[in-house]
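The values are calculated or read from the model by the stated rules, or taken from the named source; none is laboratory data. Computed from a predicted model, the values in this text were never measured in an experiment. Cβ sites come from the backbone with ideal geometry, for glycine too, and all protein chains shown count toward neighbours. The accessibility values were calculated without ligands, DNA or RNA, using every heavy atom of the protein model including side chains. Shrake-Rupley method; radii C 1.70, N 1.55, O 1.52, S 1.80 Å.
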Amino acid sequence: MAAMAGFFAAHGVWSVSDGATLIPMLAHERPNGERGMDRLVHDDVADAARAGEEALRAGHGDWVRAALVVDAYLHLDTSRVDALIVDAVEYGPSRRSLKMAVPYRPQGAPEGFAVYRPKFIEVTGMDDPDIAALAESFFSGVDSHEQAAAVWDAHLVDESI
């Protein structure tokens, strides 16, 4: 689940790196490992994000896991920042999920595009989750998307905001 979240988070970073608005992406994986992804095109991006949240919550009969990536704001104590919000679910008898934010500085900013360290927002369905192992799996997923990982690495500001 975390690796899939990383792969599609990287795809999202690649998508916004040139200043484009991210069309929410809903990705899924079937039992045979086959993956699919839908861009959720609506007249309003917020409607697309809500549709993605509903689809992620409901799942589909043959999905074993899914991830939703939307462009939003991360509200911090001092400010709000642009971020890709990644929700990932592993379906099954005991559903597990995680929610992460990948803060970024938009391409149009005076300093240009940048990606900051991801933040775990929520992990559910796991007793005493191993955050280090989830992070390692997440970054393994990022690295598995070669084109997007190159963009991520080239624009990484290795600091937490």
Meets criteria (touching a strand residue (DSSP E or B) at 6+ places or on another chain (Cβ under 6 Å), basic (K, R) and closer than 21 Å to P129 by Cα) for R96: yes
By residue number, the members of segment 112-161 that are open to solvent by 60 Å² or more (accessible area, probe 1.4 Å), in a strand (DSSP E or B) and out of contact with any helix residue (DSSP H, G or I) (no Cβ under 9 Å at 6 or more places or on another chain) are I121, E122, L156
State whether the residues of segment 39-49 include one that is at pLDDT 90 or above, touching an Asp or Glu at 6+ places or on another chain (Cβ under 7 Å) and of a type in the set (D, E, K, R). no
Which residues, counting only those in segment 33-54, are open to solvent by less than 80 Å² (accessible area, probe 1.4 Å), in contact with a helix residue (DSSP H, G or I) (Cβ under 8 Å, 6 or more places away or on another chain) and under 17 Å from M4 (Cα atoms)? M37
Residue pairs within 6 Å by beta carbon, gap of at least six or interchain, first lying in segment 106-123 and more than 21 Å from F139 (Cα to Cα), second open to solvent by less than 30 Å² (accessible area, probe 1.4 Å), listed first then second, are Q107/F113
Positions within segment 55-99 being surrounded by 13 or more Cβ atoms within 10 Å (Cβ to Cβ) and farther than 21 Å from G36 by Cβ, in sequence order: A72, Y73, L74, L76, V81, D82, A83, K99
Quick count over segment 4-32, residues being open to solvent by less than 40 Å² (accessible area, probe 1.4 Å) and over 19 Å from Y104 (Cα atoms), is 5
